[in-house]
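Asks: Got a structure here, written out as structure tokens. Questions coming.
The values are calculated or read from the model by the stated rules, or taken from the named source; none is laboratory data. Computed from a predicted structure; not experimentally measured. In this analysis, Cβ positions are derived from the backbone assuming ideal geometry, glycine residues included, and neighbour counts consider all displayed protein chains. Each accessible area value is taken on the protein alone, full model and side chains, heavy atoms only, with ligands, DNA and RNA left out. Shrake-Rupley method; radii C 1.70, N 1.55, O 1.52, S 1.80 Å.
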Amino acid sequence: MKELTKAEEQVMQILWKTGASFVKDILTEMPEPKPAYNTVSTIVRILQKKEFVGHEAFGRSHQYYPLVSKEDYRHELVKSVIQRFYDDDYKKFATFFLDSGLSEKNLAIVKRAIEGRLRDKRNRQQTLF
């Protein structure tokens, strides 16, 4: 999966939030200073070429919708960061994440989430056998 530029990601964030939208609707959701209509239209067409966005034609206008979910993009992006910056070593990534200044409360939340995932994984394996 290709990575998005900052502008492309901004448009995708709007489409993930709003669902199917016309360029004018995307523009309405953008913060000030708003880019030109043609700029947003160009970004959407680039997103189509990258296969992140599909469209439905309504006469001469097009309604655009996401083809890639936010969760799928986030997963691929984090995986790519781990490969590029942490030598595909999840322990290095986890160490960085844990050393990034998380509060004790947030560390406890992360710990419970990990323990829950491990428990779920064990339960799924047990039901297979």
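Asks: Output yes when any residue across the range 97-105 is touching a helix residue (DSSP H, G or I) at 6+ places or on another chain (Cβ under 6 Å) and open to solvent by less than 100 Å² (accessible area, probe 1.4 Å), and no when none is.
Replies: To start, the set of residues in the range 97-105 that are touching a helix residue (DSSP H, G or I) at 6+ places or on another chain (Cβ under 6 Å) comprises none.
No, the range 97-105 has no match at all.
Asks: Oh, and also: Among the residues of the range 60-68, is there at least one that is modelled with pLDDT of 95 or more and closer than 14 Å to residue 2 by Cα?
Replies: The answer is yes, given that some residue of the range 60-68 is modelled with pLDDT of 95 or more and closer than 14 Å to residue 2 by Cα.
Asks: Between a residue in the range 70-94 that is aromatic (Phe, Trp, Tyr) and any residue that is assigned to a helix (DSSP H, G or I) and open to solvent by 100 Å² or more (accessible area, probe 1.4 Å), which pairs come within a Cβ distance under 9 Å, given they are 6 or more apart or on different chains?
Replies: So the pair list comes out as 85/96; 86/96; 93/85.
Asks: Listed residues 109, 114; which is open to solvent by 90 Å² or more (accessible area, probe 1.4 Å) and modelled with pLDDT under 95?
Replies: Testing whether each residue is open to solvent by 90 Å² or more (accessible area, probe 1.4 Å) and modelled with pLDDT under 95 leaves just 114.
Asks: Starting from residues that are assigned to a helix (DSSP H, G or I) and of a type in the set (A, V, I, L, M), keep the ones in the range 1-31 and report whichever is surrounded by the fewest Cβ atoms within 10 Å (Cβ to Cβ).
Replies: For the range 1-31, the residue satisfying everything is 7.
Asks: Out of 34, 49, which single residue is open to solvent by 20 Å² or more (accessible area, probe 1.4 Å), on the phi < 0 side of the Ramachandran plot and out of contact with any helix residue (DSSP H, G or I) (no Cβ under 9 Å at 6 or more places or on another chain)?
Replies: None of the others qualify; the one that does is 49.
Asks: Just name the residue that is farthest from residue 22 (Cα to Cα) out of those in the range 55-84 that are of a type in the set (A, V, I, L, M, F, W, C) and open to solvent by less than 90 Å² (accessible area, probe 1.4 Å).
Replies: The qualifying residue farthest from residue 22 (Cα to Cα) is 82.
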